[in-house]
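What follows is a short report on a single structure.
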Amino acid sequence: AQEAAVRAQAEAVRRLKQDKADPDEIAKEVAKLLEMKAQLGGDEGKPKFVLKTPKGTRDYGPKQMAIRERVFSAIISCFKRHGAEVIDTPVFELKETLTGKYGEDSKLIYDLKDQGGELLSLRYDLTVPFARYLAMNKITNIKRYHIAKVYRRDNPAMTRGRYREFYQCDFDIAGQFDPMIPDAECLKIVQEILSDLQLGDFVIKVNDRRILDGMFAVCGVPDSKFRTICSSVDKLDKVPWEEVRSEMVGEKGLSPEAADRIGEYVQLHGGLDLIERLLQDPKLSQNKLAKEGLGDMKLLFEYLTLFGITGKISFDLSLARGLDYYTGVIFEAVLLQQENEHVEELVGVGSVAGGGRYDGLVGMFDPKGRKVPCVGVSIGIERIFSILEQRLEASEEKIRTTETQVLVASAQKKLLEERLKLISELWDAGIKAEMLYKKNPKLLNQLQYCEDTGIPLVAIVGEQELKDGVVKLRIVATREEVNIRRESLVEEIRTRTSQ
């Protein structure tokens, strides 16, 4: 009866949360639930633990980690191919380091309790710590990548790869270079990674903060409203123009005329032809910022043509990217809707990479305000991972969770010592090997273990083999068996597993 009461109380709490009831009322009911649970007790008065991960986080089992490692290795090899070094920074920063860098998103930063006199926050991304690192070490020139966890007190949408703790994979080029060459390389990197991971069709939208700011100016947006109107425009990929317009006018106090002028521009997208057209636009071409931005955009498209990737790029005037620190080119890679019947639910996964130029961020940290121009890209690993995970579930393909090359097995009893000797030889030679932890395992059980775990080879020791100085090597897939001289075994395993 007590357990039933606890369940009923838990259900009441769940309903209150669902109906977004008053937080105080929820807290009161939760306290009541905890009290009832405590009275219920557990074995010998042991408290019962709630076995769950915190909201917006998840565990990764061996299967998920196998997929994740595959994705990481593709991304890292691309970063290395482009000559990047790797760095790491602490998971928390001084609170003041992060404050004021993220615009409206600053409310999502996790602040830590004061422990020992420093006010700290968990890092929100890898870009601001990178800028702090450059300013602190007086570095004016580096090409680096950084893969690490970041934290956001967001409302999680776990199925779409939105978490409160998640990995970011960042690649940045810092330094004073000729315009648009590093920017073009960042876009090439996004194209390489997304093509390599075979996620389906994608488009990389490109815009420039200067074009946006120039557009706002000629449309009659007051300076003080640039950033807030920018974050409204950024929602255009998720909601229709009418909704964005009513937010600008209704909530943010923009004049309807200015909103309509913005509407004429932000619905445009195209390539070089659109850039040329806007360079001739009577209003935009009069604005210094917009003209600069369009000139650089034209240069960028020339370089992207040489890289042969303009087919994947769209110059899109609605792209705004909400973060405050961008100063020039901004871009975002979006997966296009999948037609495949397996992946109905993948529609709306949306952005899988984003980035841009942020020339002022390092200067914010430098005591003398010295600027280090930077451009970078962040790969949305969690979203990519969600897609691949769902796809693998749908295809029911078996995933190997270990890299074991060979199982050391015995054909008769009393051969444990021989198995231990052989496996030790293999380990010392750098071969990935396993054996069953039983003195006298049945051969059938040993072979079955290989079938279940995907181990490709079995090295069988038996009395006859020991006499002859050979090991019987069994190929699990074909069940073919060959006798290999003991001294040639390592080489044979290497050859067979490298194919």
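Structural remarks
- Candidates LEU212, LEU197, filtered to the one that is in contact (Cβ under 8 Å) with a residue 24 or more places away in the chain, touching a helix residue (DSSP H, G or I) at 6+ places or on another chain (Cβ under 7 Å) and open to solvent by less than 10 Å² (accessible area, probe 1.4 Å): LEU212
- Exclusive hit being basic (Lys, Arg) and within 16 Å of LEU319 (Cα to Cα), set ARG227, ARG261, ARG277: ARG227
A quick yes/no check of all residues on (1) assigned to a loop (DSSP other than H, G, I, E, B); (2) over 28 Å from the mean Cα position of the chain (by Cα); (3) over 20 Å from GLY220 (Cα atoms):
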| residue | (1), (2), (3) |
| --- | --- |
| VAL233 | no, no, no |
| VAL239 | yes, no, yes |
| GLU247 | no, yes, no |
| GLY253 | yes, yes, no |
| GLU257 | no, yes, no |
| ARG261 | no, yes, no |
| TYR265 | no, yes, no |
| ASP273 | no, yes, yes |
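- So LEU134, is it crowded, with 20+ Cβ neighbours inside 10 Å, under 24 Å from VAL372 (Cα atoms) and either without any contact (Cβ under 8 Å) to a residue 60 or more places away in the chain or of a type in the set (Phe, Trp, Tyr) (or both): no
Condition check ((1) surrounded by fewer than 18 Cβ atoms within 10 Å (Cβ to Cβ); (2) in contact with a helix residue (DSSP H, G or I) (Cβ under 7 Å, 6 or more places away or on another chain); (3) touching a residue at least 40 places away in the same chain (Cβ under 8 Å)) across all residues:
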| residue | (1), (2), (3) |
| --- | --- |
| LEU98 | no, yes, no |
| TYR102 | no, no, yes |
| GLY117 | yes, no, no |
| ILE139 | yes, no, yes |
| VAL150 | no, no, no |
| PHE166 | no, yes, yes |
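- Test: residue in the range 364-375 that is part of a strand (DSSP E or B) and modelled with pLDDT of 90 or more: yes
- Considering residues of the range 174-203 that are over 22 Å from LEU294 (Cα atoms) and part of a strand (DSSP E or B) only, the residue nearest to the chain's Cα centre (by Cα): PHE202
- For ASP125, the criteria (1) open to solvent by 60 Å² or more (accessible area, probe 1.4 Å); (2) acidic (Asp, Glu); (3) modelled with pLDDT of 90 or more hold in every case but one, which is (1).
- Yes/no for VAL71 being more than 30 Å from GLY454 (Cα to Cα), touching a residue at least 60 places away in the same chain (Cβ under 8 Å), of a type in the set (A, V, I, L, M, F, W, C) and assigned by the TED database to the domain that holds LYS143: no
- Within the range 1-28, tally of residues that are surrounded by 14 or more Cβ atoms within 10 Å (Cβ to Cβ) and either touching a residue at least 24 places away in the same chain (Cβ under 8 Å) or more than 37 Å from the chain's Cα centre (by Cα) (or both): 2
For (1) open to solvent by 30 Å² or more (accessible area, probe 1.4 Å); (2) among the basic types (Lys, Arg), each residue gets a yes or a no:
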| site | (1), (2) |
| --- | --- |
| GLU403 | yes, no |
| LYS414 | yes, yes |
| LEU422 | no, no |
| ALA429 | yes, no |
| LEU444 | yes, no |
| ILE455 | no, no |
| GLU465 | no, no |
| VAL490 | yes, no |
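Rundown of residues vs (1) open to solvent by less than 50 Å² (accessible area, probe 1.4 Å); (2) touching a Ser or Thr at 6+ places or on another chain (Cβ under 7 Å); (3) outside the structural domain of ILE109 (by the TED database); (4) of a type in the set (D, E, K, R), yes/no style:
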position	(1), (2), (3), (4)
ARG144	yes, no, no, yes
ALA157	yes, no, no, no
ALA184	yes, no, no, no
GLN191	yes, no, no, no
ASP201	no, no, no, yes
SER232	yes, no, no, no
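- The set of residues in the range 256-294 that are open to solvent by 60 Å² or more (accessible area, probe 1.4 Å), of a type in the set (S, T, N, Q) and either under 22 Å from ASP237 (Cα atoms) or without any contact (Cβ under 8 Å) to a residue 24 or more places away in the chain (or both) comprises GLN267, GLN280.
- For the range 301-327, a tally of residues being touching a strand residue (DSSP E or B) at 6+ places or on another chain (Cβ under 9 Å) and among the charged types (D, E, K, R) returns 3.
- Whenever a residue of the range 229-249 is closer than 18 Å to LEU268 by Cβ, its partners that are open to solvent by 70 Å² or more (accessible area, probe 1.4 Å), lying with C-beta atoms within less than 7 angstrom and at least six residues away or across chains, give the pairs TRP241/GLN267; VAL244/LYS235.
The values are calculated or read from the model by the stated rules, or taken from the named source; none is laboratory data. Here the structure is a predicted model, which means the values were calculated and not measured. So basically every Cβ, Gly included, is an ideal-geometry build from the backbone, and we count neighbours across all protein chains shown. Keep in mind that these areas ignore ligands, DNA and RNA; they rest on the heavy atoms of the full protein, side chains included. Shrake-Rupley method; radii C 1.70, N 1.55, O 1.52, S 1.80 Å.
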